[in-house]
Structures are given as C-alpha cells and as structure tokens.
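Where a number appears in this text, it was derived from the coordinates with a stated rule and is not lab data. As the structure is a computational prediction, the values presented were derived from the model and not from experiment. Note: ideal-geometry Cβ built from the backbone for every residue, glycine included; neighbour counts use all protein chains shown.
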C-alpha cells in the first residue's frame, strides 16, 4: 500500500494514469493507505491524450485531469474505512481503494 504512515500527519503521493497489458486504463498505485487525520496530497499525472477522472466520493474528491496534464488534489482523511477510488468519467476504469486506518 502506498502512503502508509506511522502516525497522523501528511501524506504526499504521485498517482499516474497508465495502461495495463490488457489495454485497461488505471491510476497507479491502485491502493493508497493513510491514517485518520492525515492531510493527503495527490499529484495526478495523466499520460494519455484523453481526459480522465479521479474520484474519492467519501472525501468529496472529484477531479478531471486533461490529456497529458497534471492536477493536484488535497483532502483530510477524517474518517476510517476502505473507500473506492474511481474514474467518474469512464465507468470501465476501476481505479482502486483508499484505506484509512484509525
């Protein structure tokens, strides 16, 4: 899991949109871990010509990253649990999960 912290603080990760050998577009890493209370910053790098979405609905994160562009999202992981990460623009692009530990 990318981003695991030993105590509440700040997490900063680079998340890159890639294509798997099966021609599926995903954001990597697919699993992100944080502790409850962490301030999370994600740099979203889209290496494709088409725009792609990145959404963690539980934390009101909803970003559209333009083709061959980079965006940054920030949020506080203020609740514990496992939360889906998805592309809100392309339902077939299942992204992964955010694990927030107590």
Pick out which of 69, 86, 35 has the largest mean-square fluctuation in a Gaussian network model of the chain, springs linking Cα atoms closer than 10 Å. 69
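Taking each pair of distinct Cα atoms in region 10-101 once, what is the resulting Kirkwood hydrodynamic radius in Å? Mind showing how you got there, number by number?
Values: mean 1/r = 0.0764 Å⁻¹.
About 13.1 Å, per the Kirkwood formula over Cα pairs.
Run the numbers for residue 13 and residue 49: contour at 0.36 nm per residue of separation, minus the present Cα-Cα distance, in nm. Display every interim value, and only then the final one.
Working: separation 36, 0.36 × 36 = 12.96 nm, distance 2.23 nm.
That works out to 10.7 nm of additional length.
Work out how much length residue 82 to residue 23 would gain on full extension: take 0.36 nm times their residue separation and subtract the Cα-Cα distance, in nm to one decimal. List each step's numbers first, then the result.
Numbers: separation 59, 0.36 × 59 = 21.24 nm, distance 2.65 nm.
Result: 18.6 nm gained on full extension.
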Ranked by GNM mean-square fluctuation in the chain (Cα springs under 10 Å), the top entry among 34, 57, 49 is 49
Tell me, what is the FRET efficiency for residue 69 and residue 36 to the nearest 0.05, using R0 = 30 angstrom and their Cβ-Cβ distance as r? 0.45
